[in-house]
Amino acid sequence: QVQLVESGGGLVHPGGSLRLSCAASGSIFSGHTMGWYRQAPGKQRDLVAVITPSGMTNYADSVKGRFTISRDNAKTTVYLQMNNVKPEDTAVYYCRSSRTLNNYWGQGTQVTVSS
């Protein structure tokens, strides 16, 4: 059984920080591109950041300079460090693992940015 388990979501004030974690089954982590996506109510799911097996990263323009994606290959875990958060960052954040045409999704974790 393969799975992605997310944690770290919650309520944070604008300008604050939060770190999301996604613990992945080893079989869908090694050699896989890992990514974070987010979806606000009534909106589509958008890419936030991705990291390749070699550690190369890409970010949505809206989070560049504020968010950092990283991976710990020994722990088969991917992280999203969120700094200087804004109300528009409020969404359910999903972890994804992908390789070739196979995609796996976590159940999501809620992040709410509010004053």
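The values are calculated or read from the model by the stated rules, or taken from the named source; none is laboratory data. These numbers were taken from a predicted model, which means no experiment stands behind them. Neighbour counts are summed over all protein chains in view; Cβ atoms, including those assigned to glycine, are modelled from backbone coordinates with ideal geometry. Quick note on the areas: whole protein, heavy atoms, side chains included, nothing else; ligands and nucleic acids left out. Shrake-Rupley method; radii C 1.70, N 1.55, O 1.52, S 1.80 Å.
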Mind grabbing the accessible area of TYR104 for me, 1.4 Å probe, Å², rounded to tens? 80 Å²
State the percentage of accessible surface on the range 1-72 attributable to carbon and sulfur atoms; use a 1.4 Å probe and exclude ligands, DNA and RNA. 49 percent
Under a point spin-label approximation (7 Å from Cα along Cα-to-Cβ), what is the LEU11-LYS43 distance to one decimal in nm? 2.1 nm
Taking only the Cα atoms of the chain, how large is their convex hull per residue, in Å³? 98 Å³
Taking only Cα atoms and a 10 Å spring cutoff, compute GNM fluctuations for the chain and point out the largest among SER17, SER54, SER25. SER54
Could you work out how far apart the two model spin labels at LYS86 and GLN3 are, taking each label as a point 7 Å from the Cα in the direction of the beta carbon, and quote it in nm? 3.6 nm
In nm, the gap between the two label points placed 7 Å beyond Cα toward Cβ at ASP72 and ASN58 is 2.7 nm
List the trypsin sites (Lys or Arg not before Pro) in the range 5-106 that DSSP assigns to loop (not H, G, I, E or B) and whose Cβ has at most 14 other Cβ atoms within 10 Å. Which are they? LYS43, LYS64, LYS75
Counting Lys and Arg as +1 and Asp and Glu as -1, each charge on the Cβ, what is the dipole of the chain about the Cα centre in debye, to the nearest 20? 80 debye
Kindly report the accessible area of the chain per residue (heavy atoms of protein chains, probe 1.4 Å, no ligands, DNA or RNA), in Å². 54 Å²
